[in-house]
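To start, the structure under review is shown below, and the notes come after it.
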Amino acid sequence: MSTLLQLNRPEPVLRHGVDTIDPSPFRRPTVLPRFVAIPAMAALAVGTLLASPHNTVAQTREPGFTVEQVLAPAFPYDLTSAQDTDRIAWMETEQGVRNVFTAAAPDFAPTRLTSSVVDDGVDIGPLQLSDDGSVLTFIRGHTRNDDGTVANPASDPLGGRREIWAVSTSGNRAPWRVVAADDMHLSPDGRWVLYTKDGRIHRAAVDPGIADAPSVDDAPPLLRDFGVHSDPVWSPDGKKVAFVSSRYDQRRPFPRQGRAATHTFITVYDVDSRRISYMAPSVDRDSSPIWSPDGRRIAFIRRPGLPFGHFASAPPDLPREQIPAGLLEAEFQGGYTASIWVADAETGEGRELWHNAPGDSLFAEASDLRWVGDHVLFEAEPEGWPHWFSVPVTGADAGSSGARPAADAVLLTPGEGMVEHVAPSADGRWLYYTSNRGEPERRDLWRVPVGGGAAERLTRGSGIETFPAVLSSGRQVALLQAGPRKPVSVALVPSNGGEARIIAPELPADFPANRHVEPETVAITAADGVTAHSILFLPPDLQPGERRPALVFIHGGPSMQTLLGYHHHDGSRGFYQMTYGMSQYFANKGYIVLSVNYRAGTGYGRAFRLAPERRDQGNSEYRDILAAGLWLRDRPDVDRQRIGVWGLSYGGWLTGQALSRNSDVFKAGMIFAGVQMRSASLDPDDLAYQSSPAYNIERWSSPVLVVHGDDDRNVEFSQTVGLVQLLRAHDIPHEVIVYPNETHYYQLFSRWVRTFNAIDDFFDRTLIRR
């Protein structure tokens, strides 16, 4: 019998749709699963065996460790290195306690620079380090919501605050407050910070001396000039500031619709002489200023100014050929739409260095300029993958009238795989980067000469390397490294490749690394032919002939990806590290766990990320979730009556889809802050409404646990309020946990512990003990 079971086990790659399914996710198909054909008597024997109570595991087991234990490791993030010395710094959040750390050559022993000891819900980050490594600045406090309120998850009666703080890396002084601010730009010498407020650039001394907080916070802006100012960048010597000045028409008929500027300037302010100058001013939109290493020139991106069509709409039935060119869409003479310019920082005279090809729409999205050595580097996605390109800036001075734009940018990072994080070497010779080339669910460290050449892969194996920070000496690269059994850690790798040396953080003594299972990638093809990769965790004690409960986890984003190890996503402050740990917890408890990397996610190329009919235009992503559920349901080791599903944000939306469309497959679910209504219309023919779980509420029968913080800045809390009204009206079993003042990713670690324990208990009650 076990042989027959093995023959009937689905292969890791399986077109697991249904024979009669309509690709539209809005019709409920007749489900006819595809099985391997076996003789009738054998099929009867297998069915009898699988139905036997002896072979069905209705109860989960004790996993051998607790939720608290698997969530306990610290999560490091925001790793950075000093420009002129071998020193690194990073943040850590450990069970909600947030602190700043540093380490320096030669031994790189970690040193804690702040002394937080409680889970207070006050976020910290980002972090910046002066060129000499002597001063660190960071922001305390979460971002503001739409009405300007700083998050206050711990319900401090004084309210939330967002402030720049500083600390000396020598450790001889307690951290000190600098100024109230929402952003931060530390000067190279560590003496000043720039920040923006009310469309103006302000400057504050890192060490305010005896000045009191109100006088520092209420200081006037650094300069006053027409326009809205943003994105300040210090010159390498700290004597000038480049920034973007966005200009808006002040009178009608051209209102500020959507606050899109008609044109923007790159502006330079000389701090000592108090002189303002403009870099090659034009009628176009300039952005992303960067300084040359010697501080004499500035490179920036130029795109056409706004056409009349931005402010006036054409009749919908007017043929496009009857609309004069230049009214609806703007382009430069020659037909291109994006260029890189270089200007003299003193005179403002500039020249075009590079532009995209006429008719191109992919290089038009060039972004994230870096001036490295004698090359300007940028990111673009012309071949379906995010890659980096290089343009030389030697051979002609800025402002030379006879200079011609470079014909082509050099591709630095070829191959089928995305480039995720980059860091140039201090000497300007190398670009270090992390990529999933060759291993879609992992990341490795690579390097390539900035002028072009063969890329070298520097790390191999099961590790996941991210966020490189090259040391000043060029001998080592700091990075974050994780693995299947190892949470995210700070590590050092030789600059020419080799084994990583972990320096922090130290794992708790009772962390259950030895109980972790090795996950594997499976590819499941939906009914419409799209194949999505998923991460499969099998219980370590799974025996032939057993049938276990199963859980599907759905990530948020949707531009996210679950990996074959602990996750580095820093914007969530460790949420995806925790969910990987919970997948290990559930697998050890006896669940078969599947984490789905559905279409619209990252890591598999542009075509996958921009799949047709995604989001509120048809929700094609749900086809991958349904295919995963059916794939699990038809495994001989899964109890088809005990499949659960859970997810956060976009994953919460897809969880709602799973429960509202296919309660026959997904028997219970848990929703973190999920969108449940994507339309302002209740018209049954409205596609966005059809793309919402609310549309199928009458088909929803499975119990659900809903958890949400009511100061969520990503998903409106009204989505949960509205969902609960539907669940009540249709008598659908549901439980709700609400966290007052909490954000999308909870700031209080105690709430994560409570929530994950609640999820564990909920699935026990609804899948196992029902």
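The values are calculated or read from the model by the stated rules, or taken from the named source; none is laboratory data. None of the values given here were measured: they were computed from a predicted structure. Here the Cβ is made from the backbone with ideal geometry for all residues, glycine too, and neighbour counts use every protein chain on show. Keep in mind that these areas ignore ligands, DNA and RNA; they rest on the heavy atoms of the full protein, side chains included. Shrake-Rupley method; radii C 1.70, N 1.55, O 1.52, S 1.80 Å.
List of remarks:
- When segment 303-328 is filtered for residues that are within 30 Å of V233 (Cβ to Cβ), touching a Gly at 6+ places or on another chain (Cβ under 9 Å) and either open to solvent by less than 60 Å² (accessible area, probe 1.4 Å) or assigned to a loop (DSSP other than H, G, I, E, B) (or both), only P307 remains.
- Given (1) touching a strand residue (DSSP E or B) at 6+ places or on another chain (Cβ under 7 Å); (2) open to solvent by 10 Å² or more (accessible area, probe 1.4 Å); (3) farther than 23 Å from T525 by Cβ, number of the condition D616 does not satisfy: (1)
- Inspection of segment 124-134 identifies no residue that is open to solvent by less than 30 Å² (accessible area, probe 1.4 Å), touching a residue at least 24 places away in the same chain (Cβ under 8 Å), out of contact with any strand residue (DSSP E or B) (no Cβ under 8 Å at 6 or more places or on another chain) and within 30 Å of E716 (Cβ to Cβ).
- Residues being of a type in the set (A, V, I, L, M, F, W, C), open to solvent by 10 Å² or more (accessible area, probe 1.4 Å) and under 11 Å from Y598 (Cα atoms) - total across segment 533-577: 1
- Complete set of residues in segment 262-304 that are among the charged types (D, E, K, R), touching a residue at least 12 places away in the same chain (Cβ under 8 Å) and out of contact with any Leu (no Cβ under 8 Å at 6 or more places or on another chain): D270, D272, D284, D286, D294, R296, R297, R302, R303
- Of all residues in segment 640-661 being open to solvent by 10 Å² or more (accessible area, probe 1.4 Å) and of a type outside the set (K, R), the one that is farthest from P558 (Cα to Cα): Q641
- For segment 332-359, a tally of residues being under 18 Å from V283 (Cβ atoms), touching a residue at least 12 places away in the same chain (Cβ under 8 Å) and open to solvent by 40 Å² or more (accessible area, probe 1.4 Å) returns 4.
- Note on segment 508-548: residues that are of a type in the set (D, E, K, R) and within 30 Å of E613 (Cα to Cα) total 2.
- Of all positions in segment 215-226, none carries a residue that is farther than 29 Å from G121 by Cβ, in a strand (DSSP E or B), open to solvent by less than 30 Å² (accessible area, probe 1.4 Å) and modelled with pLDDT of 95 or more.
- Of all residues in segment 637-658 being aliphatic (A, V, I, L, M) and farther than 26 Å from E546 by Cα, the one that is farthest from the chain's Cα centre (by Cα): L654
- Restricting A166, A219, A211, A154 to those that are within 22 Å of L129 (Cα to Cα) and of a type in the set (A, V, I, L, M, F, W, C) reduces the list to A166.
- Within segment 698-706, one or more residues are within 26 Å of the chain's Cα centre (by Cα), free of Cβ contacts under 8 Å to residues at least 40 places away in the same chain and not in a loop (DSSP other than H, G, I, E, B).
- Residue selection: S230 fails the criterion of being modelled with pLDDT of 95 or more, at positive phi, open to solvent by 30 Å² or more (accessible area, probe 1.4 Å) and small (G, A, S).
- Residue within segment 60-69 that is within 26 Å of Y576 (Cα to Cα), open to solvent by 10 Å² or more (accessible area, probe 1.4 Å) and free of Cβ contacts under 8 Å to residues at least 40 places away in the same chain present: yes
- Cβ pairs under 8 Å, 6+ apart, first in segment 305-331 and in contact (Cβ under 8 Å) with a residue 12 or more places away in the chain and closer than 30 Å to F265 by Cβ, second β-branched (V, I, T) and open to solvent by 40 Å² or more (accessible area, probe 1.4 Å): G305/V283
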